[in-house]
1. Can you tell me which of (1) open to solvent by 20 Å² or more (accessible area, probe 1.4 Å); (2) farther than 30 Å from SER405 by Cβ is the one LEU168 doesn't meet?
2. Test LEU391 against the stated conditions and say whether it is assigned to a helix (DSSP H, G or I) and either over 27 Å from the mean Cα position of the chain (by Cα) or free of Cβ contacts under 8 Å to residues at least 12 places away in the same chain (or both).
3. Residues of segment 72-125 being aliphatic (A, V, I, L, M) and crowded, with 17+ Cβ neighbours inside 10 Å, which ones?
4. Looking for whichever is touching a residue at least 60 places away in the same chain (Cβ under 8 Å), under 30 Å from LEU100 (Cβ atoms) and either touching a helix residue (DSSP H, G or I) at 6+ places or on another chain (Cβ under 9 Å) or assigned to a helix (DSSP H, G or I) (or both) here; the options are SER252, SER314, SER308. Which one fits?
5. In segment 416-465, how many are open to solvent by less than 60 Å² (accessible area, probe 1.4 Å) and either on the phi > 0 side of the Ramachandran plot or at pLDDT 85 or above (or both)?
6. Let me confirm something: among GLY338, GLY327, which residue is open to solvent by less than 90 Å² (accessible area, probe 1.4 Å) and either of a type in the set (A, V, I, L, M) or in contact with a strand residue (DSSP E or B) (Cβ under 7 Å, 6 or more places away or on another chain) (or both)?
7. Taking segment 87-124, which residues are touching a Gly at 6+ places or on another chain (Cβ under 8 Å) and among the aliphatic types (A, V, I, L, M)?
8. Against the condition of a type in the set (A, V, I, L, M) and either in contact with a helix residue (DSSP H, G or I) (Cβ under 7 Å, 6 or more places away or on another chain) or crowded, with 16+ Cβ neighbours inside 10 Å (or both), how does LEU399 come out, does it pass?
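The values are calculated or read from the model by the stated rules, or taken from the named source; none is laboratory data. Just so it is clear, the structure is predicted and the values come from calculations on it, not from any experiment. We place every Cβ from the backbone using ideal geometry, glycine too, and count neighbours over all the protein chains shown. Ligands, DNA and RNA are excluded from the accessible area calculation, which covers all protein heavy atoms including side chains. Shrake-Rupley method; radii C 1.70, N 1.55, O 1.52, S 1.80 Å.
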Amino acid sequence: MHKLLPLFCFTCLQGCAVGPDFEVPEHSKVTNFMGAAATPQSEALAGWKQIYSDPHLQKLISQALVNNQDMLIAQSKIIEARARYRISDAALWPDVSVGLTSEREEELNSSPENSFDLKGYLSWELDLFGSNRRASEAALANYYSQEQARNALQLALIADVAQQFFALKEVEEQLKISLSTIKLREKELEIARIRKKGGIISGLEQRQAEVELESAKVKIPPLQHSERRIINQLKFLIGDANADVQGGNELSVQTLPKQLPTGLPSELLKRRPDVQQAMYQWQAAMAEIGVAKAALFPKLNLYAELGSESTDFSDLLASNSQVWLLGSELLMPIFNMGRNQANLTVAEQRAYQASIKYQKTVLVALQEVSNQLSNYQSAEQSYDAQRSLVLSSQDYYRLARLRYSNGVASSLDLMDAQRQLFSAEIALSQAKNDRLQSLATLYKALGGGWYELSEQELEKEKVVD
């Protein structure tokens with residue numbers, strides 16, 4: 001039994017890690033999104049391919065996730081963080097090396113002598129107070145933080161591509177409405193000129209028809225500029241200057257899911273990658289406290305050498321040339337002008353800052369969901385109201401045209417009806433886009449979209465702690 005005592009003591013020493021242990025925060029007491037009601041989630045939040053059903057939009061998002069430069073940088077940072085974790089973890093294990101040296105030495109009044117050494121070296125810092133383990137813990141947390149940063153970027157990228165795609169559809173629809181209105185007003189202007197020649201109407205009404213035509217034409221250049229700008233932005237997000245971004249269903253054909261289950265706030269905070277990233281950054285900062293605190297205590301290094309020495313290279317492997325060495329080194333900080341204590345204070349304050357940042361990120365997540373739920377509902381209501389306005393404007397235009405054809409109404413009444421219908425159709429196009437934009441921002445706020453492609457990748461990249 002006494003033979004196991006050194007091993008037991010060694011295990012106890014290795015298991016002693018100074019510094020606070022990180023505990024995952026609980027948010028079960030948070031029951032709503034800053035006043036907006038939370039609904040228990042009976043099913044998982046759908047993946048982005050179920051939310052954005054347009055095949056062309058799905059193609060653009062898939063290309064962006066593969067080719068976007070920020071995504072490539074984020075993936076590289078994950079690989080870097082994983083390598084840094086392995087570097088930190090390696091400090092927990094012994095270093096073993098082998099060396100072959102040869103020397104020729106001549107002392108005063110003596111002949112030169114040769115010496116050859118072939119030795120294996122082992123050195124090991126016993127992690128008595130957990131400095132290396134805390135450093136490894138911090139590196140692992142930083143690695144997970146980089147994964148979550150990539151996920152947050154993917155979440156934002158999906159939303160950005162969808163929003164730009166919907167904006168492009170809005171501009172295309174407004175161009176279509178404007179060109180259709182221009183053709184209609186050109187015909188009306190031609191009729192007005194004929195009626196003017198016949199003395200049926202005055203020059204004022206003809207000029208009014210010209211004004212209405214030009215007011216429709218003047219909207220075309222800004223819309224064409226917006227179309228080009230959005231196309232360029234989509235190509236930038238996709239990471240391909242030659243990408244074909246135009247295509248897909250018209251704005252009115254874009255479908256919306258029946259509902260987006262919000263789930264409970266505690267579920268949201270586990271799903272939001274920015275919240276998880278802040279949590280891992282906090283965990284890494286807590287581990288750094290242990291690293292700084294361990295620097296206040298002694299360090300114990302063990303070292304050993306085993307090999308052979310000889311003055312003749314041919315006798316280097318002979319049995320009588322073997323040598324070995326065992327040793328240990330205990331280092332205790334005595335005086336460094338308070339540097340180690342200052343490092344501990346720095347680590348503690350950084351951990352405090354990280355905890356405040358985490359709390360702020362949680363509040364931001366709850367605020368965004370509350371705001372976007374309200375925005376989504378408002379966009380739906382505005383769309384319904386604008387749709388009713390278009391139906392009324394269409395009926396108003398039909399009656400005005402009928403009265404104008406029968407000579408009951410003036411051309412000014414007809415032009416007023418045309419103007420109102422044109423404005424209502426343009427506003428409806430914007431309401432359609434606002435509704436789709438609010439869907440994208442709400443889906444992003446709920447933390448949806450990143451896990452559909454990256455969950456499997458995360459399993460492949462998982463580091464065994």
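1. So the condition that LEU168 fails would be (1).
2. yes
3. Within segment 72-125, the first condition is being aliphatic (A, V, I, L, M), and the residues that meet it are 72-74, 78-79, 81, 83, 87, 90-92, 96, 98, 100, 108, 118, 122.
Within segment 72-125, ALA74, ILE78, ALA81, LEU118 qualify.
4. SER308 is the lone residue from the list that is touching a residue at least 60 places away in the same chain (Cβ under 8 Å), under 30 Å from LEU100 (Cβ atoms) and either touching a helix residue (DSSP H, G or I) at 6+ places or on another chain (Cβ under 9 Å) or assigned to a helix (DSSP H, G or I) (or both).
5. Qualifying residue count, segment 416-465: 27.
6. Every option except GLY327 fails the conditions.
7. Correct list: VAL96, VAL98, LEU118.
8. Working: of a type in the set (A, V, I, L, M): yes; either in contact with a helix residue (DSSP H, G or I) (Cβ under 7 Å, 6 or more places away or on another chain) or crowded, with 16+ Cβ neighbours inside 10 Å (or both): no.
Here the answer is no, as LEU399 does not meet what is asked.
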